[in-house]
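Colleague: Quick one: the structure is below, questions incoming.
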Amino acid sequence: MYYITKNCVGCHNCFSECPMQAIEYRGLRYEIDQEKCVHCGLCAKVCHTASIIDTEAPDDAIYHDRIIKEADVVVCGAGTGLVGAVKAAQAGKKVVVLEKSSRLGGNTDYAHAFFPVYTKWHEEAGMPDVREEAIKHYMKETNGVLGEDVIRTAVYGTSEFFDWLCEFGTAHEVYNLVDMGSADAHGPIYGPGLLDFPNRIRDNLNCRDDAIGPGWGGTYVKYTMLDAIENEHLDVEILTEHAAEHLLLNDDGSIRGVLAKDPGGVTEIHAPVVILATGGFGKADDLISEFAPWFFEGDTPIHRFSVPTDTGDGIRMLRELSVEPDPERMHISMFGPKHHPFSNTLADFALEPDMLQINLDGKRWVNEEGHLFGMTETIADQPKEISYAIQGLSVLEQIGQRYVDNPAMASKKNLYQTWRQELEDEAKLDTPVKKADTLEELAKLCGMPEEALKETIRRYNEFCDNGKDEDFGKDAKNLVKVPDEGPYYAIYGQRFSEAALGGLMVDGQCRVLKNDGSFIPGLYGVGDATSAMHRRTDRAVISELTWGMASSYTSGKNAVSYIDGKEGK
């Protein structure tokens, strides 16, 4: 019998692929209807987080005595870590990659894109090289908290990485360089050119939710690296279900290798270099409780997108060496209200300023123009941390048409054209959408006081008539009345977390640092495992995948220099 575990993140891949339509939402998670299931196993095959198990599968582990392997480089984590593995192997080094899961990719499979400031593509398009400006911008945005050496690695390393990625021959098929019209900041993007990854490829192709992978830029990099290992006959051995647990040191404190737990015992790999690409700690309840106890204080569990193997293994291995993480440089992402893990089209609609955000007391609680980031802190103060985006069908029709007609949404137009069907389908389920002909009935379905909701709508419509929002100051142009007649819809929203990030401090060469600022020779840290881009209360100014690609590429390059005795030269 196939069973979806609590580690499911709601990427919709199994739901989209099931030939029997046996997978459906019950409450806030997917479950398999065993009466419809024919036990074909396709759901488990397409689950990139290995969150679907066959409860009747035999234990086929081969138990063994300790296995010892020799290598030049050990990479712990087969997400962004594959970049460093390939870079080192291209220089003739023998590489062993340890992946804790039975699947490759980790959180990299979720990531949409990375954002080089300047590449050969920018140069060919006549765009200016503004990398030095970008470094100054990021230093200013972080008040100097992040080291200039690390920011420089992120900016220049991503450029070098993408130029290198293009050498594999398929980048032109999946990326577009979009002229942003100016050389300044556009959110996490700096410079006049955006490398856009417009279409999902290879994985999760039937999914209609463009908010969550796999299939985007991170997945593309993963497959490109795997293809390179095969096509270039690189000396890279990938061991799945091998969890790196202990670092091995020489007497002088330099790296000697890694001890890993595998399904049948223990594997010991000797190598002068270890690259920790172990990911964050988004599924480590003990670490989250330690660094952010508020995470578990709410009434409604926070939806987490982290893969099951994101358990802070890098932090744990460093603690064995008496190296403690800096809690001020660790970040747990938090957003809301969001319609996860359900339809992202409806999630987008729910955050439009035409909608009303109503809490379980039946009251508006925020200026709806705040969009996702403007509501994140306040949603935690609402009853059960839940909000419903409420409006009448005629207003939803206007929003839907706006999305379909928007030229900026051209690549996603086919996603938005089916919003009506998604709305009706979700209205049949327990949680995602409530539909009613009257406000009284809608309040009852949402668990709100009927009179409170009616009074909220009456007061809001009065604001619309007068052109002034006296409660939250929403712009008059976004004051759209709730119709006098139904049907009415309420779209569910709650808090969600993309990841818990950081733990390992690194320098500009991606060497892992001790608490006294010295580094551990032969040990490098990359991606979400590091605190390079993170601060406790502020979002990273350089995106996670941008840093992941830059740091892994840089680590692979520097690992070779270290082995060859040329580090720093």
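The values are calculated or read from the model by the stated rules, or taken from the named source; none is laboratory data. Please read these numbers as outputs of a predicted model, since none were measured by experiment. Note: ideal-geometry Cβ built from the backbone for every residue, glycine included; neighbour counts use all protein chains shown. With ligands, DNA and RNA removed, areas are computed over all heavy atoms of the protein, side chains included. Shrake-Rupley method; radii C 1.70, N 1.55, O 1.52, S 1.80 Å.
Colleague: From largest accessible area down, sort Glu124, Glu422; use a 1.4 Å probe on the protein chains.
Modeller: Numbers: Glu124 145, Glu422 30 Å².
The ordering from most to least exposed comes out as Glu124, Glu422.
Colleague: Next question. Considering only His242, Cys510, Thr311, whose Cα is most displaced toward the positive end of the charge dipole of the chain, charges sitting on Cβ of Lys, Arg (+1) and Asp, Glu (-1)?
Modeller: Checking the options against the dipole of the chain, the answer is Cys510.
Colleague: In whole Å, what are the Cα extents of the stretch 65-132 along the three principal axes, biggest one first?
Modeller: Sorted from largest, the Cα extents of the stretch 65-132 read 59, 29, 19 Å.
Colleague: If the label point is 7 Å along Cα→Cβ of Asp538, which residues in the stretch 132-165 have backbone nitrogen under 11 Å from it?
Modeller: Under cut-off, by backbone N: 138-147.
Colleague: If all Cα-Cα distances of the stretch 501-569 are sorted into 5 Å bins from 0 onward, what percent lands in each bin, rounded to whole numbers?
Modeller: It works out to 3, 18, 28, 23, 16, 8, 3, 1, 0, in whole percents.
Colleague: If you don't mind, another one. With respect to the cross-link table entries Lys338/Lys477; Lys338/Lys454; Lys87/Lys283; Lys100/Lys514; Lys261/Lys338, which display a Cα-Cα separation exceeding 27 Å?
Modeller: Values: Lys338/Lys477 23 Å; Lys338/Lys454 24 Å; Lys87/Lys283 29 Å; Lys100/Lys514 25 Å; Lys261/Lys338 38 Å.
Violating the 27 Å Cα-Cα cut-off are Lys87/Lys283; Lys261/Lys338.
Colleague: Counting only protein heavy atoms, what percent of the accessible surface of the stretch 45-199 is carbon or sulfur at a 1.4 Å probe? Each step should come with its number before you reach the end.
Modeller: Values: 3300 of 6880 Å².
Solvent-exposed carbon and sulfur of the stretch 45-199 make up 48 percent of the total.
Colleague: Separate question: Of [x] 3, 17, 26, 26, 17, 8, 3, 0; [y] 3, 13, 19, 20, 19, 14, 8, 4, 1, 0; [z] 3, 14, 17, 14, 11, 9, 8, 7, 6, 5, 4, 2, 1, 0, which is the value of P(r) over Cα pairs in 10 Å bins from 0, in percent derived from the coordinates here?
Modeller: Here P(r) over Cα pairs in 10 Å bins from 0, in percent agrees with entry [x].
Colleague: Follow-up. Return one quarter of the surface area of the convex hull spanned by the alpha-carbon atoms of the stretch 182-258, equal to its mean projected area, in nm².
Modeller: Details: hull surface 40.1 nm².
Projected area, direction-averaged: 10.0 nm².
Colleague: Can you give the accessible area of Thr219, probe radius 1.4 Å, in Å² rounded to 10?
Modeller: We get 0 Å² for Thr219.
Colleague: Here's a follow-up. If you stretched the chain out fully between Ser182 and Glu324, how much longer would it get, using 0.36 nm times the residue separation minus the C-alpha to C-alpha distance? Working shown, then result.
Modeller: Working: separation 142, 0.36 × 142 = 51.12 nm, distance 4.20 nm.
Roughly 46.9 nm would be gained on extension.
Colleague: If you take the charge dipole of the chain about its Cα centre, with +1 on Lys and Arg Cβ and -1 on Asp and Glu Cβ, which of Ala490, Met1, Leu453 is farthest toward its positive end?
Modeller: Most positive-ward Cα: Met1.
Colleague: With a/c under 1.5 counting as rounded, go ahead and sort the stretch 111-233 into rounded, prolate or oblate using the C-alpha gyration tensor (a ≥ b ≥ c being the square roots of the eigenvalues; past the cut-off, prolate if a/b is larger than b/c, else oblate). The partial results should precede the final answer.
Modeller: Working: a/c = 1.72, a/b = 1.57, b/c = 1.09.
Cα axes put the stretch 111-233 in the prolate bin.
Colleague: Principal axis extents for the stretch 425-569, Cα atoms only, whole Å, descending order, please.
Modeller: 76, 36, 25
Colleague: What cysteines in the chain have no other cysteine with a beta carbon less than 4.7 Å from their beta carbon?
Modeller: Lone cysteines by the Cβ rule: Cys8, Cys11, Cys18, Cys37, Cys40, Cys47, Cys76, Cys166, Cys207, Cys446, Cys464, Cys510.
Colleague: How large is the accessible surface per residue of the chain, computed with a 1.4 Å probe and reported in Å² as a whole number? Show your work: numbers first, answer last.
Modeller: Numbers: 23690 Å² over 569 residues.
Accessible area per residue: 42 Å².
Colleague: Let's test the formula: R0 of 30 Å, r as the Cβ-Cβ distance of Val404 and Glu485. What FRET efficiency results, to the nearest 0.05?
Modeller: Details: r = 25 Å, r/R0 = 0.82.
In this case the efficiency is close to 0.75.
Colleague: Which lysines, on any chain, are close to Lys36 with Cα under 29 Å apart, when same-chain ones fewer than 8 places away are left out?
Modeller: Lys6, Lys45, Lys428, Lys434, Lys435
Colleague: For the chain, give the magnitude of the charge dipole about the Cα centre (Cβ charges: +1 Lys/Arg, -1 Asp/Glu; no others), in debye to the nearest 20.
Modeller: Details: 56 positive and 92 negative charges, 84 e Å.
With only Lys, Arg, Asp and Glu charged at Cβ, the dipole is about 400 debye.
Colleague: Between Ile62 and Ala476, 0.36 nm times their residue separation minus their Cα-Cα distance comes to what? Don't skip to the answer; put the middle values down first.
Modeller: Working: separation 414, 0.36 × 414 = 149.04 nm, distance 6.79 nm.
This chain segment gains 142.2 nm when fully extended.
Colleague: Now, a different point. What percentage of the solvent-accessible surface of the stretch 207-305, computed with a 1.4 Å probe over protein heavy atoms, is contributed by carbon and sulfur atoms? Before the final figure, lay out the partial values.
Modeller: On the way: 1760 of 3730 Å².
Solvent-exposed carbon and sulfur of the stretch 207-305 make up 47 percent of the total.
Colleague: Hey, any idea what % of the stretch 436-569's accessible area is carbon plus sulfur with a 1.4 Å probe? Walk me through the numbers on the way to the answer.
Modeller: Values: 2370 of 5430 Å².
That share works out to 44 percent.
Colleague: By how many nm would the segment from Asn143 to Arg26 grow when fully extended, if each residue of separation counts as 0.36 nm and the alpha-carbon distance is taken off? Intermediate values should be presented prior to the final figure.
Modeller: On the way: separation 117, 0.36 × 117 = 42.12 nm, distance 4.57 nm.
Value of the extension gain: 37.6 nm.
Colleague: For the stretch 42-197, just run the numbers: alpha carbon Rg, then divide by 2.2 N^0.38 Å, N being how many residues it has.
Modeller: Numbers: Rg = 20.2 Å, N = 156, 2.2 N^0.38 = 15.0 Å.
Expressed relative to 2.2 N^0.38 Å, the Cα Rg reads 1.35.
Colleague: Tell me the label-point distance for the pair Glu377, Ser254, using the 7 Å Cα-to-Cβ offset, in nm and rounded to one decimal.
Modeller: 4.8 nm
Colleague: Just to verify a number: what accessible area does Arg103 come out at with the full protein assembly present, 1.4 Å probe, Å² rounded to tens?
Modeller: The value for Arg103 is about 70 Å².
Colleague: Another one. Past the 19 angstrom mark, what percentage of all C-alpha to C-alpha distances in the stretch 298-371 do you count? Walk me through the numbers on the way to the answer.
Modeller: Numbers: 1556 of 2701 pairs.
Considering the stretch 298-371, 58 percent of its Cα-Cα pairs are separated by more than 19 Å.
Colleague: Then there is this: With the Cα gyration tensor of the stretch 132-186 giving a ≥ b ≥ c as the square roots of its eigenvalues, does the rule (a/c under 1.5 for rounded; else a/b larger than b/c for prolate; else oblate) give rounded, prolate or oblate? List each step's numbers first, then the result.
Modeller: Numbers: a/c = 3.80, a/b = 1.66, b/c = 2.29.
It comes out oblate by the Cα gyration axes.
Colleague: Another question, then. Given that compact globular proteins tend to follow 2.2 N^0.38 Å, what is the ratio of the alpha-carbon Rg of the stretch 452-499 to that value? Could the numbers behind the result be given before it?
Modeller: Values: Rg = 13.7 Å, N = 48, 2.2 N^0.38 = 9.6 Å.
Here the Cα radius of gyration is 1.43 times the empirical estimate.
Colleague: Binning at 10 angstrom from zero up to the longest distance, how are the C-alpha pair distances of the stretch 163-318 distributed in percent?
Modeller: Result, from short to long distances: 8, 22, 30, 28, 11, 1 percent.
Colleague: As I understand it, the dipole of the chain uses +1 on the Cβ of Lys and Arg and -1 on the Cβ of Asp and Glu, about the Cα centre. Which of Phe291, Met127, Pro327 lies farthest toward its positive end?
Modeller: Met127
Colleague: If you don't mind, there's one more thing I want to ask. For every helix of n ≥ 4 consecutive DSSP H residues, a contribution of -39,500 (n - 2.57) applies; sum these over the chain, divide by its total residues, and give [θ] at 222 nm rounded to the nearest 500 deg cm²/dmol.
Modeller: Roughly -9000 deg cm²/dmol at 222 nm, from the helical runs in the chain.
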